[in-house]
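The values are calculated or read from the model by the stated rules, or taken from the named source; none is laboratory data. The structure displayed is predicted, hence computed values, not measured ones. Note: ideal-geometry Cβ built from the backbone for every residue, glycine included; neighbour counts use all protein chains shown.
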Amino acid sequence: MKKIIVTGGLGFIGSNLVHMLIKKKFFVINIDKVSYASNFYNLKNLPKKNYKFIKLDICNKKKLQNILKLYKPKCIFNLAAETHVDRSIDGPKNFINSNIIGTFNLLECFREHIKNNHKSKLIHISTDEVYGDVLHGRSKESDAYIPSSPYAATKASSDHLVYSYIRTYKIPAIVTNCSNNYGPRQHPEKLIPKIIFNIISNMPLPIYGKGKNSREWLFVDDHCDALIKIFKKGKIGNFYNIGSNYNLNNISVVKKILSKMKNKIRIGNNVKIKYVKDRPGHDLRYALNSKKLKNTLRWKARLNFDQGIEKTICWYLDNKTYFSKLKRKDIVARIGLNK
């Protein structure tokens, strides 16, 4: 049974990736420091015969080295990161520590690891936000990085670090940049689960600015499927954009969710769209060109947004306990106003 390490496996994308890898008969070692966004509910009842959890911050180089020596993974999917733009506005330091220093430590450990494990790979998962505002067209892998937020800047920095290790130390690594993910197990600090939580809780539905900010929406299982395909068939040293080629602005997303949930639960009187002060430096639009992935690895997103949002809503309605495992202030408090 091939061993795979997933860093940040208690988070949103990481936990969904762990589920998919186990279904595909891999042995998964989940390394997570257990931050506010980590949730053990995400990975409850996994079979112990092919799953191991290790509480660890990837900034701890010595312990990370020992784990690699012990398990000798065929691949490391690096999803350990601070990811919320608003939190990066309030305090960039945690993002620098996790996203830059953490990636550096992982690269140093991986560089040592491959001396005796030549076929091992590192898949470093990044974001479309590194490209900055894309008012027209779609970002290609060869486009310049112009990050707008401290979060995006730290992810851009980590991507550059990984590529420098590919070029200088010849490590077998690949960088992926995905569009906005949504689906089960996502922390409700993000738009879609926050709107679902607020509807369930009979609370107003906050939308930044005028709700015109556009994002490319990708169902998380489609993203995980792409990551596994890139691990198996992707070309070392390459960057791959992973997107759905489908954009929606925030107000349209909220209206779609509200419309679907009206058919499932009673909507309270307080559930009304509420426009709130915009995020500082808020990019208007992200959009990826994923033709490279489609043409070279024959991958494309399977679920359209209507199908994906239906599955997402049903999961949260069936798993309301998920919300109780999180601190309420991390769900409802407004942050990132740069006061």
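Checking the stated criteria, residue 231 turns out to be buried (at least 18 other Cβ atoms within 10 Å of the Cβ), closer than 28 Å to residue 73 by Cα and of a type in the set (A, V, I, L, M, F, W, C).
Residue pairs whose Cβ atoms lie under 8 Å apart, sitting 6 or more positions apart in sequence or on different chains, and linking a residue in segment 270-292 that is within 17 Å of residue 86 (Cα to Cα) to a partner that is surrounded by fewer than 16 Cβ atoms within 10 Å (Cβ to Cβ) and of a type in the set (Lys, Arg), are 275/210; 276/334; 284/212. Would it be correct to say that residue 93 is over 21 Å from residue 322 (Cα atoms), out of contact with any strand residue (DSSP E or B) (no Cβ under 7 Å at 6 or more places or on another chain) and surrounded by fewer than 18 Cβ atoms within 10 Å (Cβ to Cβ)? Here the answer is yes, as residue 93 does meet what is asked. Residues that are touching a residue at least 40 places away in the same chain (Cβ under 8 Å) and in a loop (DSSP other than H, G, I, E, B) were ranked within segment 11-31; the one that is surrounded by the fewest Cβ atoms within 10 Å (Cβ to Cβ) is 24. Only one of 49, 115, 63 is surrounded by fewer than 18 Cβ atoms within 10 Å (Cβ to Cβ), over 20 Å from the mean Cα position of the chain (by Cα) and closer than 21 Å to residue 236 by Cβ. Can you tell me which? The unique qualifying residue is 115.
Of the candidates 96, 89, 114, 101, the single residue that is under 24 Å from residue 215 (Cα atoms) and among the aliphatic types (A, V, I, L, M) is 89. The residue pairs whose first member lies in segment 41-58 and is assigned to a strand (DSSP E or B), whose second member is modelled with pLDDT of 95 or more, and whose beta carbons are closer than 6 Å, counting only pairs six or more residues apart or on different chains, are 51/28; 52/29; 53/30; 54/31; 55/34.
For segment 248-259, does any single residue satisfy the condition of being polar (S, T, N, Q), out of contact with any strand residue (DSSP E or B) (no Cβ under 6 Å at 6 or more places or on another chain) and in contact (Cβ under 8 Å) with a residue 60 or more places away in the chain? No: zero hits. When 316, 322 are screened for being at pLDDT 95 or above and either among the hydrophobic types (A, V, I, L, M, F, W, C) or out of contact with any Pro (no Cβ under 8 Å at 6 or more places or on another chain) (or both), only 322 passes. The set of residues in segment 329-339 being more than 20 Å from the chain's Cα centre (by Cα) and outside any loop (DSSP other than H, G, I, E, B) consists of 329, 332. Residues in segment 184-229 that are in contact with a Leu (Cβ under 9 Å, 6 or more places away or on another chain) and among the small types (Gly, Ala, Ser): 2 in all. Taking each residue of segment 82-105 that is without any contact (Cβ under 8 Å) to a residue 24 or more places away in the chain and looking for partners that are of a type in the set (Lys, Arg) and part of a helix (DSSP H, G or I) with beta-carbon atoms closer than 8 Å, six or more apart or interchain, yields 94/87. Condition first: closer than 22 Å to residue 106 by Cβ and of a type in the set (Lys, Arg). Now tell me which residues in segment 19-59 satisfy that. 33, 52, 55, listed by residue number.
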